[in-house]
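Down below is the structure, laid out as structure tokens.
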Amino acid sequence: MSGQSWCHCSTELISQPFKLQKTMNPISKAIHEKVDIDGSLPVVTPIFQASAFESESPFFYTRKNNPNIQEFENVVAILEETRFSLSTTTGMSAIHLVLGLLKVRSTLVVNSDIYGCSYKLFQKYCEKLEIKLVIIDLSVKENIKKIPDNTSMVVFETPTNPFLKTINIREVSEFAKANNPDCCIVVDNTWATPLFQKPIKHGADVSLHSATKYFSGHSDVMGGCILTDNENIYNQLHEMRFYQGSILAPYSAWLLRRSLHTLEIRLKHHSETTSQLKDFLAGHHMIKRVYYPEIDGHQLTGYGTLIFFEFQEKYSEYYREFTNNLKLFSTGTGMACISSMVAQPYSGSHASLTDAEKEAMGLSKSIIRLSFGLEFVDDLKYDLSFALLALADL
Ligand code: PLP
């Protein structure tokens, strides 16, 4: 291609002054063309889809940091009121990163009710590094005393997946740290959200989230986030994330940050709907039991979106028929999104567990999980009533 002059259209007005030689090949010139964004003052932060930054930039390389990632992390730290925040590619990578704090042949305590993939990760990780894995039902107060003296880390969700049992973070932390002050208390806060529970204020060292759920709220992006007030833990995780390369992508960070603008109003809607529909289902003659967390107003100050229920024995095999009758619920394990979802944990979120492991957890095929979206509550009630009524004819 020749070095002759070429089209200068309206971009000329906002282009940086071009100081390189005039005879330059258009290809080189095109490569170095950049719009001057310094005075553009957008109302929201644009996407910095850049892997590298110039040496004078406070950002260096997106595997370490990036403006969108920084902004997302700052927002989560503000909402959960913590000092430090680190984003990751998914919730699972957040859990995996935190496991990296453990030493070989140490002891890890995990609550018995936990997301199926987390459970499998703990099993496989511990097996490889000869870490002793101890499973305890920490939702039962007396069991907290079973945490072994030499425990290095305790991990639990509260409310738990499945069954939405709650665990007293302060009691677990005080007991474990009385025996080993360095014991790291890790709470998976995904199902509570930063608005309804702040684990660090109740004695946890680390709180983590699958940002894929409430933070996204639209089923269109994956991410994870780790929060702590402990600078030493933050520095270790920050360094490991840089070398592992498990940082969130800029576009995902931008999407998640955007969704967090509406977290509070979405949660308000989810909570009101969930509260009404759990009462409706609890009073339904075809339903044996509804699982909903204990909102104590101190540790957990609210709740919304997801509940579990159990069919009466007569209908326990009718999951497929029930979902076929529903019109407003998509099937699948998504949750906290705009539209409602229905799932069977036995074959979905906990499919990776063996039948014996599911049985030990009390997870049968008759346990159904509902995630309520942003539809009008009366429409969801009508849909559920109709789908249940249709089972009576079978
Ligand atoms: N933690 C909890 C409580 C979850 O429910 C999930 C996923 O369902 C995860 C972690 C994993 O998150 P992700 O799917 O973003 O990796």
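Here are some notes:
- Lone qualifier among 341, 361 - being outside the structural domain of residue 198 (by TED's automatic domain parsing), within 16 Å of the ligand (Cβ to nearest atom) and under 25 Å from residue 167 (Cα atoms): 361
- Of all residues in the stretch 184-200, those that are not assigned by TED's automatic domain parsing to the domain that holds residue 299 have Cβ atoms under 6 Å from Cβ atoms of residues that are part of a strand (DSSP E or B) and away from the ligand (no atom under 14 Å from the Cβ), 6 or more apart or on another chain, in 184/153; 185/154.
- The single condition among (1) within 12 Å of the ligand (Cβ to nearest atom); (2) hydrophobic (A, V, I, L, M, F, W, C); (3) within 29 Å of residue 231 (Cβ to Cβ) that residue 117 does not satisfy is (3).
- If only residues of the stretch 57-88 that are crowded, with 21+ Cβ neighbours inside 10 Å and under 15 Å from residue 245 (Cα atoms) are counted, the one that is nearest to the ligand (Cβ to nearest atom) is 88.
- Taking the stretch 353-383 as the range and being assigned to a helix (DSSP H, G or I) and either modelled with pLDDT of 95 or more or in contact with a Cys (Cβ under 7 Å, 6 or more places away or on another chain) (or both) as the test, the residues that pass are 377, 378, 379, 380, 381, 382, 383.
- Candidates 186, 172, 155 - the one that is closer than 30 Å to residue 364 by Cα, assigned to a helix (DSSP H, G or I) and among the β-branched types (Val, Ile, Thr): 172
- Considering 158, 228, the condition of being within 11 Å of the ligand (Cβ to nearest atom), surrounded by 21 or more Cβ atoms within 10 Å (Cβ to Cβ) and within 30 Å of residue 258 (Cβ to Cβ) is satisfied by 158 alone.
The values are calculated or read from the model by the stated rules, or taken from the named source; none is laboratory data. This structure is a prediction, so every number in the text was calculated from the model and none was measured. Note that each Cβ is placed from the backbone with ideal geometry, even for glycine, and that neighbours are counted across all protein chains shown.
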